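Asks: Please find one structure pasted underneath; my questions will follow.
The values are calculated or read from the model by the stated rules, or taken from the named source; none is laboratory data. Bear in mind that the values here come from a model prediction, so they are computed numbers and not experimental data. Cβ placement follows ideal geometry from the backbone for every residue including glycine, while neighbour counts extend to all protein chains displayed. Only protein heavy atoms, including side chains, enter the accessible area calculation; ligands, DNA and RNA are left aside. Shrake-Rupley method; radii C 1.70, N 1.55, O 1.52, S 1.80 Å.
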Amino acid sequence: MPRYEFRCRACGDTFEVNRPMAQAGEPAACPQGHADTVKLLSTVAVTGRGGAGAAGGASAPAGGGCCGGACGC
């Protein structure tokens, strides 16, 4: 079940609510009893490689610096 993050405008507390996606847009009451809350945008981190890398199976150039190392700097 998805978890949604809310912030109470009255007391400033941030809290999470687990609910079905069909109820994602519904308001949530603050655990302190306040009704004036706002749903926050959450970020999702995706790590790892699920596929075959770059097109054609070639690996991306390795390196660092200001331009990825392709110019040799």
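Asks: Do any residues in the stretch 38-58 that are farther than 30 Å from ALA28 by Cα have Cβ atoms under 6 Å from those of residues that are in a loop (DSSP other than H, G, I, E, B) and modelled with pLDDT under 75, where the two are at least six apart or on different chains, and which pairs are they?
Replies: Listed pairs, sorted by first residue: GLY53/SER59; ALA54/ALA60.
Asks: Right, another one. Residue by residue through the stretch 1-49, note down the ones that are charged (D, E, K, R) and part of a loop (DSSP other than H, G, I, E, B).
Replies: ARG9, ASP13, ARG19, GLU26, ASP36, ARG49
Asks: Six or more apart or on different chains, Cβ atoms under 7 Å: show the pairs whose first residue is in the stretch 16-35 and in contact (Cβ under 8 Å) with a residue 24 or more places away in the chain and under 12 Å from PHE6 (Cβ atoms) and whose second is part of a strand (DSSP E or B) and among the hydroxyl-bearing types (Ser, Thr, Tyr).
Replies: ALA28/THR37; CYS30/THR37
Asks: Just to verify a result, which residue in the stretch 18-59, among those that are open to solvent by 70 Å² or more (accessible area, probe 1.4 Å) and at pLDDT below 65, is farthest from the chain's Cα centre (by Cα)?
Replies: This residue is GLY56.
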